[in-house]
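The structure under discussion appears below in the form of structure tokens.
The values are calculated or read from the model by the stated rules, or taken from the named source; none is laboratory data. Since we're looking at a predicted model, the values are computed, not measured. Virtual Cβ from ideal backbone geometry, glycine too; neighbours counted across all protein chains shown. Note: accessible area is taken over every heavy atom of the protein model, side chains too, but ligands, DNA and RNA are not part of it. Shrake-Rupley method; radii C 1.70, N 1.55, O 1.52, S 1.80 Å.
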Amino acid sequence: MKKTASLLVIGFLFVSCSHKECCTIVDTEVLIMYLNDSGENLFEIEDGYTESNVRVYYNIDGSWKREYQGGGMVEYEDGTYLSVSPSLYILEDGYSETKIEFSNSEIDIMRTKISDGHNTYVTEVYYNGEFKWESGTFRSFEVVK
């Protein structure tokens, strides 16, 4: 009986992992803390940013497409971050581009290098042309506005 159960488990694992979509891990969240010149978190002050002030767009074939699920606020011990799921559409140069637009007409561009293997995850982040993050640490950074 134990042998039969073991064979069934092994068979199930073999069959279930033979389909690419079942075993792909997607981990692309990028956390951005926005600060003013005084070091105050712009999501935590009066007249600061709110989730409704932020819109996220993906560069797909040279056109910006609004992503309605692309961003939201997340709170950690050290403060409030904007959580952004970057575009998974890879441009010719090997990066994806995500536009973050604020209601006060500020526009920032986040470029991300996305792994191209079996699993999907962010390996590098550039924000407005400045290198901000490389794999190996907690995927977060600060931006002073």
Please specify each residue of the range 58-80 satisfying the condition of being under 16 Å from Val125 (Cα atoms) and hydroxyl-bearing (Ser, Thr, Tyr).
Tyr58
Scanning the range 98-111 residue by residue, the ones that are at pLDDT 95 or above and among the hydroxyl-bearing types (Ser, Thr, Tyr) total 1
I'm checking my understanding of the structure. Among residues of the range 116-140 that are open to solvent by 60 Å² or more (accessible area, probe 1.4 Å) and aromatic (Phe, Trp, Tyr), which one is farthest from the chain's Cα centre (by Cα)?
Phe131
Only one of these conditions is not met by Asn128: (1) of a type outside the set (Asp, Glu); (2) touching a strand residue (DSSP E or B) at 6+ places or on another chain (Cβ under 8 Å); (3) on the phi < 0 side of the Ramachandran plot. Which number is it?
(3)
Taking the range 124-145 and keeping only residues that are within 16 Å of Leu31 (Cβ to Cβ), in a strand (DSSP E or B) and free of Cβ contacts under 8 Å to residues at least 40 places away in the same chain, one is left with Glu124, Tyr126, Lys132, Glu134
Considering only residues that are in contact (Cβ under 8 Å) with a residue 12 or more places away in the chain, open to solvent by less than 30 Å² (accessible area, probe 1.4 Å) and either closer than 13 Å to Asp27 by Cα or not in a strand (DSSP E or B) (or both), which ones fall in the range 82-115?
Ser83, Val84, Pro86, Ser87, Gly94, Thr112, Ile114
